[in-house]
Amino acid sequence: MQARMTNPAYVLPGAMKGIGTLLQAIGESGLPQELVEIVGLRASQINGCSACVHGHTVNLRKAGASDERIDAVAAWREAPYFTDAERAALQLTESVTRLADRSHESVPDTLWDEVADHFAEKELSALILLIGVMNLFNRVNTTIKEPAGTTWG
């Protein structure tokens, strides 16, 4: 499989600079890297982005995550491998990613309160931006048919 075109972030260098700045800010927030990858994996699973699912899985393995944890991200509610903070982040990821599927407000106050109980404002800010960036990546990659196994430098 081959992508339809060069990734737009490479075609428009200013876009790559902006994305890089966002990713740097997220990385400096104190949000655990494994959580970043789990959130990215879950958003990518929902959006059907094979390139990102592959990338986050590879990154989780490199970070030492167990196969059981990685394999269970899609079914995190029924799996014993996640902390309460990770579960709150995964629920937020699903709520923000599935905006079109909602029949209520996108992030109910009960979910907001739960997430805010686990993350300081800086981490919560990074989590919100991370989910948005992951959804951006997923939408770009599925549009251009970026294949699994693609690496970004």
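The values are calculated or read from the model by the stated rules, or taken from the named source; none is laboratory data. Note that the structure is predicted; figures quoted are calculated from it, not measured. Please note: Cβ atoms are built from the backbone with ideal geometry, for glycine as well, and neighbour counts cover all protein chains shown. These area figures cover heavy atoms from the full protein model, side chains too; ligands, DNA and RNA do not enter into them. Shrake-Rupley method; radii C 1.70, N 1.55, O 1.52, S 1.80 Å.
General remarks:
- Qualifying residue in segment 49-57 (condition: under 24 Å from residue 3 (Cα atoms) and open to solvent by 50 Å² or more (accessible area, probe 1.4 Å)): yes
- Residue pairs whose Cβ atoms lie under 7 Å apart, sitting 6 or more positions apart in sequence or on different chains, and linking a residue in segment 132-149 that is at negative phi and acidic (Asp, Glu) to a partner that is outside any helix (DSSP H, G or I) and open to solvent by 40 Å² or more (accessible area, probe 1.4 Å), do not occur here.
- Comparison of 77, 87, 61 shows that the only residue that is surrounded by fewer than 12 Cβ atoms within 10 Å (Cβ to Cβ), over 19 Å from residue 26 (Cβ atoms) and at pLDDT 95 or above is 77.
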